[in-house]
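Input: a single structure, listed below in structure tokens.
None of the figures in this text is laboratory data; all of them are computed from the coordinates on show. Being a predicted model, the structure only gives us computed values, none of them experimental. So basically every Cβ, Gly included, is an ideal-geometry build from the backbone, and we count neighbours across all protein chains shown.
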């Protein structure tokens, strides 16, 4: 991600968030975190971070924690990519291009309690 020269970094905004945890069984929990940010200078600039995990206790020491995080931004960030000529050779310069609006991240973590 690179700094977007067309977007202000400081702005007033509104934030809504929750952090939820529930014990499903003796060995399984459910975690959920939701964060929504709204830029009041630019009403089209909305960002959402939604995280869910299901920690499962395998033993007194080990837990397995699958999780899914969804990151959504109505006005995506920019990234810098290399520019190539029509023959495929690098032009020696870069251009800015927008990233996707939705990123999804899945992780499977082995948690060790020491």
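Tabulated values for the structure
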read-out	value
√(5λ) per eigenvalue of the Cα gyration tensor, the chain, largest first, Å	38, 23, 10
Footprinting exposure proxy for 113, 65 (fewest neighbouring C-beta atoms within 10 Å first)	113, 65
Relative contact order of the chain, defined on C-alpha pairs under 8 angstrom at six or more residues apart (%)	22 percent
Rounded D (µm²/s) - the range 62-114, Kirkwood Rh over Cα pairs, Stokes-Einstein at 25 °C, 0.890 mPa s	168 µm²/s
Proxy reagent accessibility, fewest Cβ within 10 Å first, across 45, 82	82, 45
GNM top mover of 98, 90, 55 - the chain, alpha-carbon springs below 10 Å	90
Cβ-derived FRET efficiency at R0 25 Å, residue 65 paired with residue 36, nearest 0.05	0.55
